[in-house]
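Enquirer: Take a look at this one; I'll ask things after.
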């Protein structure tokens, strides 16, 4: 019997049935999210918003500390830059929308000494930043620790992708605490 290259009825029917099944399965995968999926997404957005606000508050604390203690700028600027990235990663915006604290109105260098600017005690008191640089670093380390702890507690209720982000930022916060306290 010679080979006929034309498709037979059975193969056409089988191919058509397989194609219809594929279309049905594709259509099923694009259904609306379930109530549980919507709740998880909503909880994730609330957690993300809270994390953005917490990181923005920490960023503002860095700015106040830098304004009160400009001599700590070299040590704090890289950490502040990390916190600014965390704010953006959570979908927040940086307070003041500037990459570094404003220099206008900052303390001036001590007259005649040519040394680094002295901390302005009145400005420190207004901003809630301790006048002593060591205590200011400790306060900043405590704020970093609190922020990292809050993110760690939020891991349990976060969707997987957000939980990974929380864990990463919490780990960075732990490193910041170490750097701010010199490993104490």
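Throughout, read-outs are computed from the coordinates displayed, never taken from laboratory work. Worth saying up front: this structure is predicted, and the values here are computed from it rather than measured. Positions of Cβ are generated from backbone atoms using ideal geometry, with glycine treated the same way; all protein chains shown enter the neighbour counts.
Enquirer: For the peptides 132-141, 65-74, 152-161, what is the packing order when you average, over each peptide's residues, the other Cβ atoms within 10 Å and list the highest mean first? Intermediate values should be presented prior to the final figure.
Expert: Numbers: 132-141: 17.5, 65-74: 20.3, 152-161: 13.5.
Ranking the peptides 132-141, 65-74, 152-161 by packing returns 65-74, 132-141, 152-161.
Enquirer: Applying 1/(1 + (r/R0)^6) with R0 = 41 Å to the Cβ-Cβ distance of residue 75 and residue 43, what FRET efficiency is obtained, to the nearest 0.05?
Expert: So, using R0 = 41 Å, E works out to roughly 0.65.
Enquirer: Also: Run the numbers for residue 132 and residue 150: contour at 0.36 nm per residue of separation, minus the present Cα-Cα distance, in nm. Mind showing how you got there, number by number?
Expert: Values: separation 18, 0.36 × 18 = 6.48 nm, distance 2.70 nm.
Length gained between residue 132 and residue 150: 3.8 nm.
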